[in-house]
Structures are given as C-alpha cells and as structure tokens.
Amino acid sequence: MNSADPFESFRRHVSRQAHRVPKQWDASRGLLEKMTFTSTVDRLISAIKEQPLPDSVKAILLQLFEEKRPQRVQDLDGEYLKRVTGLPPAKAMRALTIAFGLVPAPTSKWPMSSLSSEAIEGLVRGLTNPFDLLMHADVASVLDIGTGDLSFAEELADQYGPQLHQRDRPLILHGVDRLDPQSQLGGPLHADSGRLHRLQQSQELSFAFFGHQDVFNLNELDGRDLLAPRYTVATCWAPATPTFAYEPSRLSPAVIHEELQRTKGAFRLTCFGKEPALEVLHGTRALLFPPWKFDIIGPLALLQLLVQRGSLVVLGSVDDQVFWEILAQLLDDPRYRPQDEPFHAGNLPAIFGGIYDQLTSLPIGASVVLADLGILRRRWPLADLSASTDQSTRLFRYVRISRGATFAGMPASSTARKFSAMTEEVPPWLLTLVPA
C-alpha cells in the first residue's frame, strides 16, 4: 500500500518487529520495571538519535523521551505514543525497545555462523557456485523459502550432505512453504512424499519441513525454536508470480488489480469442495488455485525476509517480471521505481537505460556484479531498526546477477530444470546477494 505518511510506515514497522519475536516481547516487560525504567529511557534516546529515521518521527520520539524524561510508565504521553506506534503506552514502550534493539535475542539450540559479512563476501566472490559457501563456512545451514516439491532441497542434500558428513559436520536444512499439504489445489507444487521421506530419514543432515506456513509470519516456529534465527544461506527458488511480481510500495492496489485482470484474466474467490479457492478465467478455461494465489506481497518484503534469515541470500530461477521488480529495489536511484507504472517490455529500456542493455545482452551462464552497473540502494524505505546504524545503511554489500536457469555443479529446483524445454520463455536469472 502506498503511503506518504511516515508515521503510518513507522507504526507498521514497529508492530512487525514486535510481533515476529515472541520471546523478546516477553522479555521486554522487564525493561519497564521501576528499577530499570529510567535506564531504558536513556538507552532508547541514544538509539533514536543513532538511527536514520524520518525527521518528523525522530522529533516526536525525542520529545516524548528526551524532553519529557518520563520516570515511569504512568508518565508516558499516551496520545503521542498512540500516534507514533498505534499502541497504548506500556505496549508502545515495549514495542519500541524491541524495534530499537534494546532487547537481546533469545538463545537458540541452532548454531549460527560467526563469519562477518566482509568475510562472506570475500568467500562468495571467489565461488562460481554460491552454495559452495557451505563447505567453507563454520556452520552449514540453509533455509529454503517456498520449498515446493522439495526438488531443490533434495539436490542440495545429495550434493553437500555426504561431503559434510565425511568431515563430521552436519548439514542443517529447513524448508517452509505456504501450500497446505492436505489441499487438493497446487498440483505439482506440493511437497513430494518420496523426497520428504528420504530427507527425513537421511543420517547426513538435520532436516525439517513446515507446510501450510505463512513464510512472513514465522513467530510460532521461532517461539518453539524450530527454526534457526539466522542461516548461513537463505534461498528462494522460482519466487512466485504474481505474489512477488508487483511491488506495493510503488504500485497502488487499483493499478495492481487492473494489471492482474489484464494479464491473468477475471478472477474471484470460490470453493473447491470444502476448501476455499481462487478461480481465474483464462480464455475459455476456468483455473483453480489456492485462495492466496493473487495476494501481492512484493519483492521488497521477500528481500527483507531473506536478509533477516540469511548471511548469504540466493534467489534462483527468477522469472523476468519478478527479476526487474527485484532489481528496481536493489538500485539506489528512485527513477528505477516509478510510481504506478507497471513494468513491461515496452518501458523497461527507458526506465533502466544502460543497465537494461547490459543485462539483456548477458550470455546464458554469464554473471555480472551489479555495483559495476549502478549504485546499490543505500537503505530500506524504513531501515531495520534492530540492526546497528552502520548495517542499516545498505541493503546488500554485494550483488551478483547470473543469467540462466541452471548452472553446472549447482543444485536447482525442478522449475529451474524445466526451463531448458521452455523455448518460448525468456531465460530466468539467479541473484547472489551478501547482506550489509
């Protein structure tokens, strides 16, 4: 949803930060106790001053905490806090302590890499296959977002499981997917039962799969310590269209709806047996999909999720429409993100200019470092306040773009493997990204 109101964006951000970490939410209660309250206010003031916030948001936060210097929860200005956070005083204060990184993350049973982003970039620059990082990093762990039929998970496990096992190192492989395994919709995108059984029985890896899971709301899994807070690699293969093909921060709901009807056909919610479904009229045929098929989330949310979860991010078999929308979020100049102007073959050359020419002339199998073509975007539309100031200044420190669906020696999904037979399809892309 487009919004020029910085307070609305900040309210969404604070709410999202607080709700995705239930253990930290519980711990935040202690920061409001009598003995710790004034120290919490001092720490909050320092964090507010350090973070890159909209001027209007920063001003009202400093007025609330620095000028008024509340000594207890009852001293908080409920009216102003409500405006900034959308929450009553105590909950607002707790949410702000989480959003500004005052509440330490809970410990997890899952190991996490201690490699710095600089070290990971150095390793990845020397690797043709980014997944080979698993053989060099101190922890070999992968989160597969949108696992689908488990084809990529199986290829990854087959390739790296035995090698790591020989070195007495475990491969941690977790997959999440929105599709309900019990649904009659979704067809070949369901987790393959044979693959699932083989992965679960493997002695060479620690594997878990979570179906019927909103990948943008992992609170329950995190609360039960079923997922690692961060993985060495976070990956997504064939990011779904149209879910990630339109960016809501630059395209209004009306424009997106019109584009969906123009490109996909008329659609409506219906039922298939006892389960809800989306019916799409495509020519003379009525096609049925899961009811959320046309829920538009956009690439920015996907990138933010992957940054939070992975020290290295790999996006594979990215179709052309999703790719250009992702690219627009990675480049700094706002001209690449025109408001309410959907991307299509006719306007891409004008919008992306020389970058378009260089990328479309890239041979299959070749790669290019995006920073060699243009300036990388410096920060999210609203910086992740749980990160330190220097980390929040850039989305990614390194981005490599490769042309093609599959690459020699690299695991891939079944969707990627099928592209070679799709002669009329534009070749997809692979992106390798190191978060800042």
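A few notes on this one:
- Within the range 50-59, the set of residues being assigned to a helix (DSSP H, G or I), in contact (Cβ under 8 Å) with a residue 24 or more places away in the chain and surrounded by fewer than 18 Cβ atoms within 10 Å (Cβ to Cβ) comprises E50, S56.
- Residues (outside any loop (DSSP other than H, G, I, E, B), among the β-branched types (V, I, T) and either surrounded by fewer than 18 Cβ atoms within 10 Å (Cβ to Cβ) or touching a strand residue (DSSP E or B) at 6+ places or on another chain (Cβ under 8 Å) (or both)) located in the range 248-302: V255, T263, T270, V280
- Members of the range 80-106 that are in a helix (DSSP H, G or I) and open to solvent by 60 Å² or more (accessible area, probe 1.4 Å): Y80, K82, R83, K91
- In the range 343-366, the residue that is most open to solvent (accessible area, probe 1.4 Å) out of those that are outside any helix (DSSP H, G or I) and more than 18 Å from V318 (Cα to Cα) is G346.
- Any chance R72 is in contact with a Phe, Trp or Tyr (Cβ under 9 Å, 6 or more places away or on another chain), open to solvent by 60 Å² or more (accessible area, probe 1.4 Å) and in the same structural domain as F407 (by the TED database): no
- Filtered by the rule that a residue be modelled with pLDDT of 95 or more, more than 14 Å from S202 (Cβ to Cβ) and among the charged types (D, E, K, R), the range 136-156 gives a lone residue, D144.
- Evaluated against (1) under 12 Å from L32 (Cβ atoms); (2) in contact with a Leu (Cβ under 6 Å, 6 or more places away or on another chain), R94 falls short on exactly one condition, (2).
Each row is one residue, and each column tells you yes or no for (1) in the same structural domain as F407 (by the TED database); (2) in contact with a helix residue (DSSP H, G or I) (Cβ under 9 Å, 6 or more places away or on another chain).
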{"site": "E79", "(1), (2)": "no, no"}
{"site": "R83", "(1), (2)": "no, yes"}
{"site": "P88", "(1), (2)": "no, yes"}
{"site": "A92", "(1), (2)": "no, yes"}
{"site": "R125", "(1), (2)": "yes, no"}
{"site": "L133", "(1), (2)": "yes, yes"}
{"site": "H136", "(1), (2)": "yes, yes"}
{"site": "V139", "(1), (2)": "yes, no"}
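- Within the range 150-175, the set of residues being assigned to a loop (DSSP other than H, G, I, E, B) and crowded, with 22+ Cβ neighbours inside 10 Å comprises just one member, L150.
- When the range 215-247 is filtered for residues that are open to solvent by 40 Å² or more (accessible area, probe 1.4 Å), closer than 30 Å to H344 by Cβ and charged (D, E, K, R), nothing remains.
- Long-range neighbours under 6 Å by Cβ, at least six apart or interchain, first residue under 24 Å from S141 (Cβ atoms) within the range 174-195, second acidic (D, E) and in a loop (DSSP other than H, G, I, E, B): D192/D149
- Residue within the range 34-49 that is surrounded by 15 or more Cβ atoms within 10 Å (Cβ to Cβ), in contact (Cβ under 8 Å) with a residue 24 or more places away in the chain and within 25 Å of N217 (Cα to Cα) present: no
- Take the conditions (1) farther than 17 Å from D319 by Cβ; (2) in contact (Cβ under 8 Å) with a residue 24 or more places away in the chain; L269 misses just one of them, which is (2).
- Of residues in the range 176-204 being assigned to a loop (DSSP other than H, G, I, E, B) and within 24 Å of the chain's Cα centre (by Cα), the one surrounded by the most Cβ atoms within 10 Å (Cβ to Cβ): D177
- Hey, R16 assigned to a loop (DSSP other than H, G, I, E, B) and open to solvent by 70 Å² or more (accessible area, probe 1.4 Å) or not: no
The values are calculated or read from the model by the stated rules, or taken from the named source; none is laboratory data. If you're wondering where the values come from, they're calculated on a predicted model, not measured in any experiment. No Cβ is skipped: glycine too gets one built from the backbone with ideal geometry, and neighbour counts run over all protein chains shown. Note: accessible area is taken over every heavy atom of the protein model, side chains too, but ligands, DNA and RNA are not part of it. Shrake-Rupley method; radii C 1.70, N 1.55, O 1.52, S 1.80 Å.
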